[in-house]
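One structure is given here, and the rest of the page talks about it.
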Amino acid sequence: MTAWLAQHGDAVRLAMRRLASAPVNSLLYLLAIGVALALPAGGQMLLANALSLAGTTSAVPHISVFMAANADRGMAAEIESRLKKRGDIKRVQFLPREETLARMKANPGLRDVIEALAANPFPDAFVLAVADERPEAMERLAVELRQLPRVEHVQLDSAWVRRLDALLQLGRTAVLVLGVLLSAGLIAISFSIIRMQVLTHRTEIEVSGLLGATDGFIRRPFLYYGLLLGLGGGIVAWLLVGAAALWLRAPLGELVRLYDLTLVLQTPGTRDSALLLAFAAGLGWLGAIISLQQHLRKS
Amino acid sequence: MIRFDRVSKRYPPGVDALSDISFEVAEREMVLVSGHSGAGKSTLLKLIAAVEKSTGGAVLVGGQNVSGLARAALPYLRRRIGMVFQDQKLLFDRNAFENVMLPLSITGFPRREAAQRVRAALDKVGLSSREKALPVMLSGGEQQRLAIARAVVGRPKLLLADEPTAHLDADTAADVARIFKEFNHVGVTVLIATYAGDLFPGARRLQLEHGKLLP
Ligand SMILES: Nc1ncnc2c1ncn2[C@@H]1O[C@H](COP(=O)(O)OP(=O)(O)OP(=O)(O)O)[C@@H](O)[C@H]1O
Ligand SMILES: [Mg+2]
């Protein structure tokens, strides 16, 4: 066990020594990998922020039910009790027309217009929170509600939620595609770097073999080299994304404020960061494995 | 310890380096392999460590036919053999200590004990004061002795040396020869490919000529 650990320790140390022995090359490698990873990682960060934004802004979809203008309060009460009996409606909020009028009058721009009218133009209305918030379910419910007597209009407030949902879905797909493409790119980078490493250390590989080294022993430092490349590239990507988040925080906050939203762009969380580093290291390792399979047998 | 049974080796495209060679080397024996340049001395040593595979006959080392060994079994054969290569094959980006340490790292030897063994081996060949030196900083003779230290650090029962005294002045050559004799005295079987047979008086000699063993 200790011998095993010592051998892996030796391999890691050797890999680090090789990285350090050509510092300019190593830095450029790390930068290339880092930039490649920063794109999907940055996309993932924006997505995570968009998701939390969608979560905080009452993205809970509602259904608004408007009574006919000439329906009286008794009819409204009857509708209310029917709505409350339904299991697929979680909460019923009644908005009396007087209240709506008062609220609208509070808006100085509207007051004059409203006061010019003879009668209260607003009907009694209900705002419903539903049990099943999936768009199809809400659509079905709205169709049923339209059948209720004296109900003039049923409005689904889920349209923008759906739009946001579709947008986020698109974002997720884009990040995924980008991630897959650039992961393949990273494997390719690691592959060719390890190939050069194998060429550089030809003598060492040959001599180790002559002195009784197993394939495993010979491969180990190269695998760790690939792993360290990936890990280092992951760290570079993480720094790039973090820096971009801090840099974009003010202008993006300004932008969403125009839409009455607040957003403080967050840098990747611990889980996303750990995932990024592990993933990067894994890809570097994988590139090394494939490369060694191609290039070691010949020596 | 070693038995060649009608061994031949043909390199592609058709060079017969060895043909129909049979001999035996007993345990604790010291045997010289001599012959002109191109006679097949290096090839003979390489067959023993399975660096090359025979194209005919059987090469037995410790009762094991090494020309039929699977690739995965080779490392364990080579760990039992100490080899000094004609071109030494030192690693030029590692210092003397690290070069000698390599065989022990390969076998996963406990580190502290390994360091002691490395120092002992360097001391044996008179390089204990140069352990930090890179091979390029060593003279030809010192490099030769470093290669010997690396071959013996694992305390093999069998030592193969290919021209270990080439390019050395008479005194240094005698020094190197003495080192091999000492190993032989403590029970190591030694095979040396050399032109300088007179450095090893009393050793049995295998005389090669154009790949054939002279009687
Ligand atoms: N890898 C190889 N491929 C093809 N031919 C080879 C190879 N190695 C050796 N030979 C040939 O096999 C023959 C024997 O070579 P070997 O190296 O065994 O000779 P040697 O006795 O060690 O010579 P020297 O004293 O010059 O080292 C030579 O004719 C050589 O050209
Ligand atoms: Mg030779």
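Points worth noting:
- For the range B:76-90, a residue qualifies if it is surrounded by fewer than 21 Cβ atoms within 10 Å (Cβ to Cβ) and away from ligand 1 (no atom under 16 Å from the Cβ), and the qualifying residues are B:Y76, B:L77, B:R79, B:R80.
- With respect to the conditions (1) over 16 Å from the mean Cα position of the chain (by Cα); (2) within 16 Å of ligand 1 (Cβ to nearest atom), B:Y195 falls short on a single one, namely (1).
- Residues located in the range A:4-24, provided they are surrounded by 12 or more Cβ atoms within 10 Å (Cβ to Cβ), at the interface with another protein chain (Cβ under 10 Å from one of its Cβ atoms) and hydrophobic (A, V, I, L, M, F, W, C): A:A6, A:A11, A:L14
- Qualifying positions in the range B:180-205 - part of a helix (DSSP H, G or I) and either of a type outside the set (D, E) or within 16 Å of ligand 2 (Cβ to nearest atom) (or both): B:F180, B:K181, B:F183, B:N184, B:H185, B:G197, B:L199
- If you check B:L122, B:L45, B:L127, B:L102 for being touching a residue at least 40 places away in the same chain (Cβ under 8 Å), aliphatic (A, V, I, L, M) and outside the structural domain of B:F4 (by TED's automatic domain parsing), only one passes: B:L102.
- Any chance B:L208 is within 13 Å of ligand 1 (Cβ to nearest atom), farther than 27 Å from B:E98 by Cα and part of a strand (DSSP E or B): yes
- Any hit, the range B:21-40, residues being away from ligand 1 (no atom under 16 Å from the Cβ) and either on the phi > 0 side of the Ramachandran plot or touching a Leu at 6+ places or on another chain (Cβ under 7 Å) (or both): yes
Residue-by-condition table, conditions (1) within 13 Å of another protein chain (Cβ to nearest Cβ); (2) within 17 Å of A:L277 (Cα to Cα):
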| position | (1), (2) |
| --- | --- |
| A:I187 | no, yes |
| A:R195 | no, no |
| A:H201 | yes, no |
| A:E206 | yes, no |
| A:A213 | yes, no |
| A:G216 | yes, no |
| A:P221 | yes, no |
| A:L229 | no, yes |
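- Enumeration of residues in the range B:121-151 that are within 14 Å of chain A (Cβ to nearest Cβ) and not in a helix (DSSP H, G or I): B:L134
- Among (1) assigned to a helix (DSSP H, G or I); (2) within 14 Å of chain B (Cβ to nearest Cβ), the one test that A:S183 misses: (2)
- Residue match in the range A:139-161 (condition: within 26 Å of A:A54 (Cβ to Cβ), assigned to a helix (DSSP H, G or I), within 17 Å of the chain's Cα centre (by Cα) and modelled with pLDDT under 85): yes
- Subset of the range A:210-247 (residues that are without any contact (Cβ under 8 Å) to a residue 40 or more places away in the chain and closer than 27 Å to B:Q88 by Cβ): A:L210, A:L211, A:G212, A:A213, A:T214, A:G216
- Scan of the range B:159-190 for residues that are more than 13 Å from ligand 1 (Cβ to nearest atom) and in contact with a strand residue (DSSP E or B) (Cβ under 7 Å, 6 or more places away or on another chain), ordered by number: B:L159, B:F180, B:F183, B:N184, B:V188, B:T189, B:V190
- Some residue of the range A:231-252 being outside any helix (DSSP H, G or I) and either within 14 Å of another protein chain (Cβ to nearest Cβ) or over 30 Å from B:I48 (Cα atoms) (or both): no
- Any hit, the range B:68-75, residues being within 18 Å of the chain's Cα centre (by Cα) and in contact (Cβ under 8 Å) with a residue 60 or more places away in the chain: no
The values are calculated or read from the model by the stated rules, or taken from the named source; none is laboratory data. None of the values given here were measured: they were computed from a predicted structure. With ideal geometry, Cβ positions are generated from the backbone for all residues, glycine too; neighbour counts draw on all protein chains shown.
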